Amino acid sequence: MDVELEDRVKGKDYKCRECGTRFKGIGKKPMCPSCQSEEIDPA
Ligand SMILES: [Zn+2]
């Protein structure tokens with residue numbers, strides 16, 4: 001519960017350029033959870 005809440009506050013939506021996965025990223029250099037790419041765009 002606490003972790004999900006923190007993600008909502010701090011996480012931003014990103015979309016991976018490599019595989020198109022949408023995910024919540026935290027920090028300045030989030031990474032795609034699917035392919036570990038750093039080639040991502042804010043969504
Ligand atoms: Zn990806």
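The values are calculated or read from the model by the stated rules, or taken from the named source; none is laboratory data. On a predicted model such as this, the values are computed, not experimentally measured, just so you know. Cβ sites come from the backbone with ideal geometry, for glycine too, and all protein chains shown count toward neighbours.
At a glance:
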read-out	value
Tabulated pairs, segment 23-43, first free of Cβ contacts under 8 Å to residues at least 12 places away in the same chain and away from the ligand (no atom under 11 Å from the Cβ), second charged (D, E, K, R) and outside any loop (DSSP other than H, G, I, E, B), C-beta under 6 angstrom, 6+ apart or interchain	none
Among (1) at pLDDT 95 or above; (2) in contact with a helix residue (DSSP H, G or I) (Cβ under 9 Å, 6 or more places away or on another chain), the one test that Lys24 misses	(1)
